[in-house]
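Before any comments, here is the structure.
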Amino acid sequence: MDTPIQDYAPQTSNSPQRFNSNLWLAGLICSTLLAIAVLHASPVPVDICSNLKVKLSLPHMAIISAQTVPAGAFSPANRGPNAKVVTGLPTFCRVIATLAPSNDSKIGIEVWMPTSGWNGKLQTIGNHELGGVIYYGDMGAELKRNFAVASTDTGHTEAADASWASGHPEKVIDFGWRAVHEMTIAAKALVIAFYGEKPRYSYFNGCSSGGREALKEAQRFPDDYDGIISGSAMNYWTHSHLVHIWEAQALLKDGAEGDSYLPPSKFRLVINAALTACKADNTETSDDDFLVNPSRCAWNPRTLVCHAGQDANTCITAGQGQALEKIYAGWRNPRSNEKLYPGATRTSVPNWAGWAVRPGTSPNGLTASGPAQQYLQWLVFNDPKWDWHTLNMDTDVALTDASDAKGPQINAIDPDLSKFKKRGGKLIEYHGWLDPGFSPEYAVEYYESAVQFLQKSAGITDKATALQQTQEFYRLFMVPGMGHCTGGPGPNAFGGLAQPEVPLDSQHDIVSALEDWVEHGVAPSRLIATKYVQDDPGTGIAMQRPICAYPEEPRYRGTGSATEANNFMCVKPAVTTISQTAPH
């Protein structure tokens, strides 16, 4: 995952709801019976897999190996830091290949295809941060569901250091968008060669940088996928990384020992103060440790600044209060005051500086670089000595935006989804309201920009009609109490990547919901998200809540247990629109 996230400690219930085994089993049986109806009954002959290496020829593709892997545990060798043991897999054909769409490209991909029981579908897996690895765990989870699956390293094998980009503009383009598209073409060809038929449906599933890749696919290559899931998207790539530097400059202007730095020991103090100030007007039940929509929280951190003689453990310094106030207000151009990126949500974990700098070995312990430093150092300035302290938040922002617009086009902020809509594609986006890395408010802003583009391009006179037409192919789910992709004190499991397991039905599982929408025309109006005790499915359910299609939000009905989803309804709040920062 894209840590540095020091998320909330898991919240437990004094009397947690245990699994209702009958309902769980019924969901599994229904999904299994449905799957059986379309599974390929006859196993694919073993030699079909091994012969792919010599029989399949595609431009720009070299198959390194094609081997049948027996059922059980799988531990990939020498494939980077993500090469962990994956258990419980069916027998599958594993294809390792490299793609070279340019003379400086070396895109690594893997495609896994079950030798029997294939559901007739392809699902490809997105990346995190700066790529560099194949996501075996995510691939394995979807292979168990009988998908053919694929993943790419996005054109390089270094996950933590972005020096691979220096002097290699084609590799940067591969990372920005080309690797995923080329992987998609190759994966479909391998499926056809292996099964003798093309996939009936193709899906993309990504979170974080993978969420950006998902939106880029819908915007740039609308014919690649029938259905797309975009989670916690880093789609405003340039500004989301620049704002991490801006946050680090605010919190660490005097180093880790300065008056502005907020240590982790004060995180919970700040969060609790914001909750106390905003909970009465924002949350649905008194026991919740999160807000339904923290963007409506206007708590001023200066109210927590220490008074003379006050215990320092119960308050913050004036410098900390000033830095927090600045970050919550959002990033603006220092010269023009133009809004460039939304502020952090007041109840998210205040570890934002960690996306720019991570613990190092210097005297102040903060010289090692995070993803924001890596991106700007190598992909923008191409200077191994460039340092985040020196970033000019006016002129360097213009330079960064221009470098992306004319070259790699990593940003995925184009609101024009008309071609994806026209070809019948379906897009589900989700974002946790407590994401400390990539602003939840920007997810809403981007969605609003897509609605506005459709309204203007189609000549629609009222926003309600434009929203309705957007929801016919694109739905956004904002998740109260969830952090980046997963985690947080609220219900955070609904089938997204890296989340705890849930029943595989369209009420609890976002992949099943997308399949239902694409294949049967049943659009999801809400999903049931689960919070497990200690985030462990084996310990039982602490609570379940609906997450609602934007602009609706979950609201407690006023009676019944607040741990049960049926006691909540999805309603439209009085105020829904957030002011835009996305370019149009």
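Values computed for the structure shown
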{"read-out": "Matching residues in segment 493-509 - criterion: being within 26 Å of Gln469 (Cα to Cα) and in contact with a strand residue (DSSP E or B) (Cβ under 6 Å, 6 or more places away or on another chain)", "value": "Phe494, Gly496, Gln507, His508"}
{"read-out": "Residue check, Pro551 in contact (Cβ under 8 Å) with a residue 60 or more places away in the chain, part of a loop (DSSP other than H, G, I, E, B) and farther than 18 Å from Phe290 by Cβ", "value": "yes"}
{"read-out": "Subset tally (residues that are within 23 Å of Gln469 (Cα to Cα) and among the aliphatic types (A, V, I, L, M)) for segment 540-568", "value": "2"}
{"read-out": "Matching entry among Gly321, Gly343, Gly309 (being small (Gly, Ala, Ser), over 30 Å from His168 (Cβ atoms), in contact with a helix residue (DSSP H, G or I) (Cβ under 9 Å, 6 or more places away or on another chain) and without any contact (Cβ under 8 Å) to a residue 60 or more places away in the chain)", "value": "Gly321"}
{"read-out": "Top-ranked residue in segment 413-468 [being among the aromatic types (Phe, Trp, Tyr) and under 14 Å from the mean Cα position of the chain (by Cα); ranked as surrounded by the fewest Cβ atoms within 10 Å (Cβ to Cβ)]", "value": "Tyr442"}
{"read-out": "Conditions (1) surrounded by fewer than 20 Cβ atoms within 10 Å (Cβ to Cβ); (2) free of Cβ contacts under 8 Å to residues at least 40 places away in the same chain; (3) out of contact with any Leu (no Cβ under 8 Å at 6 or more places or on another chain); number of the one not met by Pro334", "value": "(2)"}
{"read-out": "Filter result (over 15 Å from Tyr195 (Cβ atoms) and outside any loop (DSSP other than H, G, I, E, B)) within segment 95-108", "value": "Ile96, Ala97, Thr98, Leu99, Ile107, Gly108"}
{"read-out": "Residue in segment 148-163 that is surrounded by the most Cβ atoms within 10 Å (Cβ to Cβ), counting only those that are over 20 Å from the mean Cα position of the chain (by Cα) and touching a residue at least 60 places away in the same chain (Cβ under 8 Å)", "value": "Ala162"}
{"read-out": "Subset tally (residues that are closer than 14 Å to Asn272 by Cβ and out of contact with any Asp or Glu (no Cβ under 8 Å at 6 or more places or on another chain)) for segment 286-323", "value": "13"}
{"read-out": "Residue list for segment 63-82, restricted to those being surrounded by fewer than 16 Cβ atoms within 10 Å (Cβ to Cβ) and at pLDDT below 85", "value": "Ala77, Asn78, Gly80, Pro81"}
{"read-out": "Hits in segment 202-250 - residues which are of a type in the set (S, T, N, Q) and farther than 26 Å from Gln377 by Cα", "value": "Ser202, Asn205, Gln219, Ser230"}
{"read-out": "Residue that is touching a residue at least 12 places away in the same chain (Cβ under 8 Å), farther than 30 Å from Pro371 by Cα, of a type in the set (Phe, Trp, Tyr) and not assigned by TED's automatic domain parsing to the domain that holds Trp331, where the choices are Phe494, Phe438, Phe453", "value": "Phe453"}
{"read-out": "Counted residues, segment 245-272 - those being of a type outside the set (A, V, I, L, M, F, W, C) and part of a helix (DSSP H, G or I)", "value": "7"}
{"read-out": "Failed item, numbered, when Arg212 is tested on (1) within 19 Å of Ile413 (Cα to Cα); (2) in contact with a strand residue (DSSP E or B) (Cβ under 9 Å, 6 or more places away or on another chain); (3) surrounded by fewer than 22 Cβ atoms within 10 Å (Cβ to Cβ)", "value": "(3)"}
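The values are calculated or read from the model by the stated rules, or taken from the named source; none is laboratory data. Everything quoted here is computed from the prediction, not taken from an experiment. Note that each Cβ is placed from the backbone with ideal geometry, even for glycine, and that neighbours are counted across all protein chains shown.
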